[in-house]
Amino acid sequence: MGMTMTQKILAAHAGLESVKAGQLIEAKLDIVHGNDVTTPVAVKEFNKIGVKDVFDKNKVTIVPDHFTPNKDIKSAEHCKIIREFANEKGVKNYFEVGQMGIEHCLLPEAGLVVPGDVVIGADSHTCTYGALGAFSTGVGSTDMAVGMARGVAWFKVPSALKFVLKNKPAKWVSGKDIILHIIGMIGVDGALYKSMEFVGDGLEYLSMDDRFTIANMAIEAGGKNGIFPVDEKTLEYVKEHSNKEYTVFEADSDAEYDAVYEIDLSSLRPTVSFPHLPENTKTIDEAGDIEIDQVVIGSCTNGRMDDLRIAAQILKGKKVDPKLRVIILPGTQNIYLQCIDEGIAKTFVEAGCVFSTPTCGPCLGGHMGILAKGERALSTTNRNFIGRMGHPESEVYLCSPAVAAASAITGKITSPESV
């Protein structure tokens, strides 16, 4: 039996001719990543190991993005720990405030991840980099510590699900709608410890930003990773952003999948995930009359240029509902500057939005957008668990940038077709 794309990458990094689902392997790592929340714990565990240096100063990446700029004394102390560690160990890819961005937007933009890489990160949305044809997955801080020390990690080789995406999606249907539809279809545990492999002729209609969004939320279906085949769009992106060597892996024609799902993208509608699980999805036509208090557009899921251009297209020349707080979070400093250059930042501010420095802030109820009791947020982020963005009696609805922007104008969940 042949191997899936993920299995081929893992076999190559384990120095094996082949691997099969369920097999335990030790694989070499191309990137070991952490942020300001998880890296302080990893530093503590790293110091217990007793090694002097990280395994490779160029292959450890640390991005303070969750509570930065520091929201309080505790977050300042966390960032001090990782800043001192990075300086002491000579970590080349530590991104200080001013150079940082939201981690999973920043690493691809900085050219640090390329096709064929194996990446672990002490953040569950590390699966984002599967959009580039890499195997990337979230791990705990202890695994990050060992990865920084030894440059290897243990994996149980995952089995796989294949998602065949067919045909061209309608206007306003984006990568976010596709992945919300899939999670609604298979559930938050439908891909538990499995590789989610996305293929089909529909990929030609998906931008790299769409693919980053889809791979980002593989974890919300329980997936070990999400991964896309490497095509011309992938290679154009890699050539623009990176000078690293890369390897293209392709699934064997006789690779084994636990299930195969065919999805007609042309039939999908803008989709909203209702509280309190990403699987609780409804199309925009089924959403009903839901008034909201806050809109968030951004995050590692939807803070890239395509996302912000779509939101700006809808908001241009209009005003947000005066009862709303609308917070826009560009994914990186480069995206921030590009929004200024293209006039998008001006569009947002003139519409009545807050245009923020790159930060994860409100996504995890960290800062810059906490919800009070009884409030509702419509957000392009990735999770809507109880208390995710603030008070346990608040509510979070997940959607695409197009739906978020349209709803910001009306003050209730609204189709972008109607504004």
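In this structure the amide hydrogen of L371, modeled in the peptide plane, comes within under 5 Å of the amide hydrogens of G390, H391, none closer than 5 places in sequence on its chain.
In a fully extended conformation the segment linking E240 and K346 would gain 35.5 nm over its present Cα-Cα distance, using 0.36 nm per residue. What translational diffusion coefficient, in µm²/s and rounded to a whole number, does the Stokes-Einstein relation yield for the chain at 4 °C and a viscosity of 1.567 mPa s, taking the hydrodynamic radius as the Kirkwood radius over Cα pairs? Estimated diffusion coefficient is 61 µm²/s. Each residue of region 370-380 was assigned a 3J(HN,Hα) from its phi angle through the Karplus curve 6.51 cos²θ - 1.76 cosθ + 1.60 (θ = phi - 60°); the sequence is 6, 8, 8, 4, x, 7, 10, 10, 9, 9, 8 Hz, with glycine and proline shown as x.
Taking only C-alpha pairs under 8 Å that are 6+ residues apart, what is the relative contact order of region 312-357 in percent? That works out to 55 percent. In the chain, Cα pairs under 8 Å separated by at least six residues give a relative contact order of 18 percent.
With a cut-off of 13 Å between beta carbons, the residues surrounding L29 carry a summed charge of -2, where Lys and Arg count +1 and Asp and Glu -1. A full extension of the chain between I386 and E262 corresponds to an added length of 41.5 nm, given 0.36 nm per residue minus the alpha carbon distance.
In whole angstrom, region 139-271 maps to an equivalent ellipsoid with semi-axes of 26, 19, 15, each derived as √(5λ) from the alpha carbon gyration tensor and ordered largest first.
Starting from the Cα gyration tensor of region 183-248, take the square roots of the eigenvalues, sort them a ≥ b ≥ c, and report rounded, prolate or oblate (rounded when a/c is under 1.5, otherwise prolate if a/b is larger than b/c, else oblate). In terms of gyration-tensor shape, prolate. In terms of packing, defined here as the mean over residues of other Cβ atoms within 10 angstrom, the peptides 109-117, 72-80 line up highest first as 109-117, 72-80. Sequence-ordered 3J(HN,Hα) estimates for region 135-151 from the Karplus curve with 6.51, -1.76 and 1.60 and θ = phi - 60° stand at 8, 9, 8, x, 9, x, 5, 5, 5, 4, 4, 5, x, 5, 7, 10, x Hz, glycine and proline given as x. Eigen-decomposition of the gyration tensor built on the alpha-carbon atoms of region 64-177 gives equivalent ellipsoid semi-axes of 30, 20, 13 angstrom, largest listed first. When peptides 199-211, 25-37 are sorted by average Cβ neighbour count within 10 Å, with the highest value leading, the order is 25-37, 199-211. A straight Cα-to-Cα reach below 19 Å connects K282 with the lysines K171, K176, K412, residues fewer than 8 places away in its own chain not being considered. Here is the list for region 299-343: trypsin sites (Lys or Arg not before Pro) lying in DSSP coil, each with at most 14 other C-beta atoms within 10 angstrom of its C-beta, are K319, K323. The mean sequence distance of close C-alpha pairs (under 8 Å, at least 6 residues apart), as a share of the length of region 246-379, puts its relative contact order at 23 percent. Distance from the alpha carbon centroid of region 320-373 to that of region 171-235 works out to 25 angstrom.
Bear in mind that the values in this text are calculations on the coordinates, not laboratory data. What you see is a predicted model, and the numbers here were worked out from it, not measured in a lab. Neighbour counts run over all protein chains shown; Cβ positions are idealised from the backbone, glycine included.
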